[in-house]
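The block underneath contains the structure these notes are about, expressed in structure tokens.
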2 protein chains.
Amino acid sequence: MSEYDISETEALGNVLCAYRNYGNYALREYYEPRLAKWEALHPSQRKLIPYYEEFLEMLQAAILHNAKFLRVVTDFAEQMMGIPIGESKVVNRFSMDKVVSMFSQLYREWSPEAQKERNISLDRMLPILRNFSSTEVKADGPLSVLVPGVGTGRMIADMVNEGYFSEGNEYSYHMLVMSMYMLNSGQSKGSLSIYPFIHTNSHWKDRQTMLKQVKIPDFDICAKLSGTNLMRISMGSFVDCFGPNQNIWGSSHYHINQEMQITRLEVQSSKDVVVTNFFIDTSSNILDYLLTIQHVLRPGGLWINFGPLVYHQENEDETDICYEIDQFSGLRTDHKKIPMKGIELTFDEIIEAATKLNFELLQQEDNIISGYGEPPDQNGMPGYRCAFWVMKLRHK
Amino acid sequence: MSEYDISETEALGNVLCAYRNYGNYALREYYEPRLAKWEALHPSQRKLIPYYEEFLEMLQAAILHNAKFLRVVTDFAEQMMGIPIGESKVVNRFSMDKVVSMFSQLYREWSPEAQKERNISLDRMLPILRNFSSTEVKADGPLSVLVPGVGTGRMIADMVNEGYFSEGNEYSYHMLVMSMYMLNSGQSKGSLSIYPFIHTNSHWKDRQTMLKQVKIPDFDICAKLSGTNLMRISMGSFVDCFGPNQNIWGSSHYHINQEMQITRLEVQSSKDVVVTNFFIDTSSNILDYLLTIQHVLRPGGLWINFGPLVYHQENEDETDICYEIDQFSGLRTDHKKIPMKGIELTFDEIIEAATKLNFELLQQEDNIISGYGEPPDQNGMPGYRCAFWVMKLRHK
């Protein structure tokens, strides 16, 4: 049973349970095997790396520090938002790895060190948004921007700082818990500290960067964002919340029922801009995403994309049960099991399909190298080759 | 039971069986789910990508073409080298994925398109080898070069073409079967063709490159290498075959017995040069590798390294049973289970440990971007950040 088959409250509780389990998990996964390896090392080999024992102590302390931070996050979620924690739940590795990845996610979105990396997309997006906003000012308020896959919330914070009404959408409860904390817990500049790099042991030039403590956030969230009504986060799959009511099969992430159909009808043509940032390759079927962007954008609206094409599902063996609703009887017709993988379009093919969906290509750029939470060190992880494009939805 | 706990003949037979299973596996893994996805696609969505059906036909044909190539390889191994094929063996996914990776490996090592990538390391290594060879000419023959992790054999072919006596060492039977075929089956330039890129669906700018057929090898192996006695491949773990007889624990990849001890004694100080090319990060304990390089090099010999630090075992949960032999009784003392992961040194730490082992650093370079079988397309996979260094083993 996936986390999306159970109630939202239960799923959130399970995620908080996984958050709380980080300390034990990380010690077991990252610290203890290394201590065992060090202790069992041939005495003559130990002399070659005498500093390793001290490194292990620092690694342990860093894990405990991270665990303390997550404790504060879960306390906030529990007390301020009323989410009950599923204490006794069995936490699987998949969920734990998502918790671990939260630290590089926080570094990527909220550290001053990663501003340079964030600017690779922002420096391309913001001039276009500013120009669009100034030439297409609406009488009824600020530009309305939708950011699917908003993660821990940074992109909508950036949009709000520009004065736009910003809606983030997120499918992952792990991300949702963290974005609620970051955006709503009244943080000031540098008020939090984490060790984001301790979970990887490859690619290092030296040990110092791996053990670097990072202070987040890089600006005063409390002063800048509190009291604004420009910001919203919706929970659920992008296609489910913002897609059209036709041309998409029902599935675990697209529900055909009256409630969702009304929701989807209401959001039609409601956004001036959709920003997909490291997002489109999360799709099981990217055509569903294209149809959804087409549906939610108003005619004349912009789709701005930045990111690589590393299809998350390309090696996924799972299937999804897909269905239709019979138009006359209203009964659900079970379709067959459809593989999660299978429609991974190339850059050129995405542009071409979008053109058929009434998008006009305004700008495109390929081969932009960008990290994704790359450490502040030239010998860090290799970057992604990203594509950037801007398309305008034609008036019919 | 790992493939290394059974007899060499049986292990080779199992690998041939996996090779023969490629067609079925690749159809099931890469083709069939995509066909199912395409066939189940909403009719309106199909119109957005009408070429997809033809792509799937080409994908199927490419898989069958690759399977035919592997059939020739296994026939050669069976008939010319007398390896019996384990027909009825259950082939696991791990083994099948290694077979699939063979195609990008062949592309990387033997295609004319990848010469540019091979040159990133060769252009650094060859001038040093030529200079070393000309200033340290030995009376008793050509320069003797050892290449651990030789893969399908290209690096030793390059060394032989330079006139050096070249020994490749390889731990993987999957690689060994292919290197035997490439080096010994009398291939001329471009005599073979493969589809190396069909197994990945990410990162593509267009569909053409993914479906590109590549001709290998890029030079006339038969004419250039046959009849030479400059080339050898040894099978086994690098540490087992070339390491010292002390300061390393016994394990599944380092056997403490009379036969191996004699072998290791014989190879001491036997090589002029060790070339580690995309190799050192395969170690479970890189200190074992350093000790082995120190042992097998003659004083004054060179260690040349090129490659990234992407420790293959860093997320491995397995342990290895390690042991010592009691010096007086000669009995095996079981040591404890030691994690495979746990000693992942940084660039700086490797250099420092090598210095303690009597190596002198002659040259170093960091942050060299190189692919590893990158397609001939700027929008391919992101590269690795590689390090290059040259060290000289001091005279004691």
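The values are calculated or read from the model by the stated rules, or taken from the named source; none is laboratory data. Predicted model only: the values in this text are computed from it and were never measured. Here the Cβ is made from the backbone with ideal geometry for all residues, glycine too, and neighbour counts use every protein chain on show. When the accessible area is computed, the model is the full protein with side chains, heavy atoms only, and any ligands, DNA or RNA have been set aside. Shrake-Rupley method; radii C 1.70, N 1.55, O 1.52, S 1.80 Å.
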Check your understanding: Can you name every residue in the stretch B:367-382 that is over 20 Å from B:W110 (Cβ atoms) and at pLDDT below 85?
Key -> B:Q378, B:N379, B:P382
Practice item. Within the stretch B:186-205, identify whether any single residue is in contact (Cβ under 8 Å) with a residue 60 or more places away in the chain and in a helix (DSSP H, G or I), and answer yes or no. Key: no
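Considering only residues that are charged (D, E, K, R) and either more than 18 Å from the chain's Cα centre (by Cα) or in a loop (DSSP other than H, G, I, E, B) (or both), which ones fall in the stretch A:156-171?
A:E162 - this is the single residue of the stretch A:156-171 that is charged (D, E, K, R) and either more than 18 Å from the chain's Cα centre (by Cα) or in a loop (DSSP other than H, G, I, E, B) (or both).
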Review point. More than 14 Å from chain B (Cβ to nearest Cβ) and of a type in the set (D, E), is that true of A:D240?
Key: yes
Practice item. Looking only at the stretch A:363-372, decide whether some residue is closer than 30 Å to A:V214 by Cβ, more than 9 Å from chain B (Cβ to nearest Cβ) and over 21 Å from the mean Cα position of the chain (by Cα). Key: yes
Point to revise | Failed item, numbered, when B:E117 is tested on (1) over 30 Å from B:R298 (Cα atoms); (2) open to solvent by 20 Å² or more (accessible area, probe 1.4 Å); (3) part of a loop (DSSP other than H, G, I, E, B); (4) touching a Ser or Thr at 6+ places or on another chain (Cβ under 9 Å) | key: (3)
Exercise for review: Test B:V214 against the stated conditions and say whether it is open to solvent by less than 10 Å² (accessible area, probe 1.4 Å) and closer than 30 Å to B:D240 by Cα.
Suggested key: no
**Study point:** Close pairs from the stretch B:115-136: first closer than 15 Å to B:E365 by Cα and touching a residue at least 40 places away in the same chain (Cβ under 8 Å), partner small (G, A, S) and open to solvent by less than 70 Å² (accessible area, probe 1.4 Å), Cβ under 7 Å, at least 6 apart
**Key:** B:I120/B:S370
**Study point:** Of the criteria (1) in contact (Cβ under 8 Å) with a residue 60 or more places away in the chain; (2) more than 30 Å from A:R385 (Cβ to Cβ); (3) open to solvent by less than 20 Å² (accessible area, probe 1.4 Å); (4) within 12 Å of chain A (Cβ to nearest Cβ), which one B:G300 fails
**Key:** (4)
Exercise for review: Check off (1) away from every other protein chain (no Cβ under 14 Å); (2) in contact with a Phe, Trp or Tyr (Cβ under 7 Å, 6 or more places away or on another chain); (3) not in a loop (DSSP other than H, G, I, E, B) for A:T209 and give me the number that stays unchecked.
Suggested key: (1)
Practice item. Give the residue that is farthest from A:G371 (Cα to Cα), with candidates limited to residues of the stretch A:266-286 that are under 20 Å from the mean Cα position of the chain (by Cα) and among the aliphatic types (A, V, I, L, M). Key: A:V273
**Study point:** the stretch A:342-361, residues that are open to solvent by 10 Å² or more (accessible area, probe 1.4 Å) and either touching a residue at least 24 places away in the same chain (Cβ under 8 Å) or within 7 Å of another protein chain (Cβ to nearest Cβ) (or both)
**Key:** A:D348, A:E349, A:I351, A:K356, A:L357, A:N358, A:E360, A:L361
Study note, to complete from the structure: A careful count of residues in the stretch B:34-83 that are within 20 Å of B:T209 (Cα to Cα) and β-branched (V, I, T) gives 2
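This table checks each residue for (1) among the polar types (S, T, N, Q); (2) more than 22 Å from the chain's Cα centre (by Cα); (3) away from chain A (no Cβ under 13 Å).
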{"site": "B:A40", "(1), (2), (3)": "no, yes, no"}
{"site": "B:P50", "(1), (2), (3)": "no, yes, no"}
{"site": "B:F55", "(1), (2), (3)": "no, yes, no"}
{"site": "B:M58", "(1), (2), (3)": "no, yes, yes"}
{"site": "B:A62", "(1), (2), (3)": "no, yes, yes"}
{"site": "B:H65", "(1), (2), (3)": "no, yes, yes"}
{"site": "B:F69", "(1), (2), (3)": "no, no, yes"}
Revision key, fill the gap. Restricting attention to the stretch B:190-206, the residues that are surrounded by fewer than 18 Cβ atoms within 10 Å (Cβ to Cβ) and either in contact with a helix residue (DSSP H, G or I) (Cβ under 6 Å, 6 or more places away or on another chain) or on the phi > 0 side of the Ramachandran plot (or both) number exactly 2
Exercise for review: Can you confirm whether the stretch B:62-72 contains a residue that is over 22 Å from A:I343 (Cα atoms) and in contact with a Ser or Thr (Cβ under 6 Å, 6 or more places away or on another chain)?
Suggested key: no
Exercise for review: Collect the residues in the stretch A:20-29 that are assigned to a helix (DSSP H, G or I), away from chain B (no Cβ under 13 Å) and open to solvent by 20 Å² or more (accessible area, probe 1.4 Å), keeping them in residue-number order.
Suggested key: A:R20, A:N24, A:L27
Practice item. Check B:T263 against each of (1) open to solvent by 30 Å² or more (accessible area, probe 1.4 Å); (2) within 17 Å of the chain's Cα centre (by Cα); (3) free of Cβ contacts under 8 Å to residues at least 40 places away in the same chain and name the one condition it does not meet. Key: (2)
Check your understanding: With respect to A:I156, is the statement that it is open to solvent by 10 Å² or more (accessible area, probe 1.4 Å) and either in contact (Cβ under 8 Å) with a residue 60 or more places away in the chain or of a type in the set (S, T, Y) (or both) true?
Key -> no
Practice item. Confirm whether B:N247 is polar (S, T, N, Q), surrounded by fewer than 18 Cβ atoms within 10 Å (Cβ to Cβ), farther than 24 Å from B:G82 by Cβ and touching a helix residue (DSSP H, G or I) at 6+ places or on another chain (Cβ under 6 Å). Key: yes
Check your understanding: Hey, does the stretch B:168-189 have a residue that's open to solvent by 30 Å² or more (accessible area, probe 1.4 Å) and of a type in the set (K, R)?
Key -> yes
Check your understanding: Are any of the residues in the stretch B:316-324 open to solvent by 10 Å² or more (accessible area, probe 1.4 Å), of a type in the set (D, E) and away from chain A (no Cβ under 14 Å)?
Key -> no
**Study point:** Set A:S252, A:S269: member being surrounded by fewer than 18 Cβ atoms within 10 Å (Cβ to Cβ), touching a residue at least 12 places away in the same chain (Cβ under 8 Å) and under 19 Å from A:V147 (Cα atoms)
**Key:** A:S269
Review point. Checking A:Y289 against (1) over 30 Å from A:Q363 (Cβ atoms); (2) in contact with a helix residue (DSSP H, G or I) (Cβ under 7 Å, 6 or more places away or on another chain), which single condition isn't satisfied?
Key: (1)
